[in-house]
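Student: Let me give you the structure first, and then I'll get to my questions.
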Amino acid sequence: MREHVKEQERKIKDLKLSLMAGSGPGDGDEDIIESNGVRLLIKNINADNPSQMREAGDRLKQRIKSGIVFVASPMKNKLTFIIMLTDDMVQRFDAGMLMKRICSKVKGRGGGKKLFAQGGVDDPSIMGKVVEILKQEVFGGTI
């Protein structure tokens, strides 16, 4: 009986992650912006914790194959977000530096390494501003 319950819990977790990562019918490139050979996937999800965000980010990264993944989720009256790069983007970008520049402009906190960074702000309503800053940092004035 316990094994059956564990299996059902695993299936629920997988389905929830699939929904968050947008791998269902009708989900496609609508969250992807492409310019100058860089693909930026922006996804707002409802994750329960940062671990779920990372798992959803990993799935999204696999989906775009090359580019930058930005995942945001409101959590505990805050906005938490992550930036993930595919390996080929490390020559052009640094997720930790992108995160620091974004957070410095929205009074947030965050940091990370070249391939992965995490941050957040106390005001979940500024998601649009965070995304605009990210686009400016990634594309400059080219979009």
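Student: Give me the distance in nm between label points sitting 7 Å out from Cα along the Cα-to-Cβ direction at Ser51 and Lys78, one decimal.
Tutor: 1.8
Student: If you place +1 on the Cβ of every Lys and Arg, -1 on the Cβ of every Asp and Glu, and leave all else neutral, what size is the dipole of region 50-143 about its Cα centre, to the nearest 20 Debye?
Tutor: On the way: 17 positive and 9 negative charges, 22 e Å.
I would put it at about 100 debye.
Student: May I ask you to derive the FRET efficiency for Ser66 and Arg109 from their Cβ-Cβ distance with R0 = 35 Å, giving the value to the nearest 0.05?
Tutor: My answer for the efficiency is 0.75.
The numbers here are math on the coordinates, done by the rules we state, and not lab data. Source: prediction; values computed, not measured. Positions of Cβ are backbone-derived with ideal geometry, glycine not excepted, and every protein chain shown enters the neighbour counts.
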